[in-house]
Amino acid sequence: MAYLQATELGLKDTTAVANVPENDTAKCMYYLNCVCYCIEYNDNDIQRYCDYKNYHRLTADEQRLVFVLCATLSPDNFDQKVFFQSDELSGSMSGRFYEVTQVRNRVLAVESIIIAGRTRQVKRIMTYKEIWMKNYYIDPMLRLAQRFGSQRRTSTRSCIIS
């Protein structure tokens, strides 16, 4: 395990500014992008679902898949292992990425994490402010759950008589 402290030389900030479109699917894709940036997760075409700038190219079924992927890769899997809520380490940004190197104190990070029964290496950690999680996971997922739930209810209400 590695330990992190903002004042140690072992933290390397790898944050880049992201311009995420004001769209729930795009925000969820950005969340997936953050997950894949932090851990070794490059399974079957997942990069397509991380390309938040091109969210409009996804079909309705692919948008639903993004929702399912986000639910499967929820913050519960990563909190206090890869994602850390820390206003101090996030600084002026709502989220910030750090490469994990030789650090000793403050935040405990794991070297690997098990996702879907497979061990994934942790490449970086992400610190975030509460507003980041709200903007890029909680609120979009709630709205998409309502959207997909209402679509399912509408499609099950239809009746075809031949």
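The values are calculated or read from the model by the stated rules, or taken from the named source; none is laboratory data. Just so it is clear, the model here is predicted, and its values are computed rather than measured. Because the Cβ atoms are built from the backbone with ideal geometry, glycine has one as well, and the counts that use them run over all protein chains shown.
Okay, here's what the table says:
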| read-out | value |
| --- | --- |
| Extreme residue, farthest from V122 (Cα to Cα), among residues of the range 37-68 that are assigned to a helix (DSSP H, G or I) and among the aromatic types (F, W, Y) | Y55 |
| Residue in the range 130-145 that is over 16 Å from the mean Cα position of the chain (by Cα), at pLDDT 60 or above and among the basic types (K, R) present | yes |
| Boolean, L73 is modelled with pLDDT of 95 or more, among the aliphatic types (A, V, I, L, M), over 14 Å from I125 (Cβ atoms) and surrounded by 13 or more Cβ atoms within 10 Å (Cβ to Cβ) | no |
| The range 49-68, subset among the hydrophobic types (A, V, I, L, M, F, W, C) and out of contact with any helix residue (DSSP H, G or I) (no Cβ under 6 Å at 6 or more places or on another chain), residue surrounded by the fewest Cβ atoms within 10 Å (Cβ to Cβ) | A60 |
| Residue that is modelled with the lowest pLDDT [pool: residues in the range 99-126 that are part of a strand (DSSP E or B) and polar (S, T, N, Q)] | S112 |
| Lone qualifier among T7, T25, T14, T59 - being modelled with pLDDT of 95 or more and more than 16 Å from Y137 (Cα to Cα) | T59 |
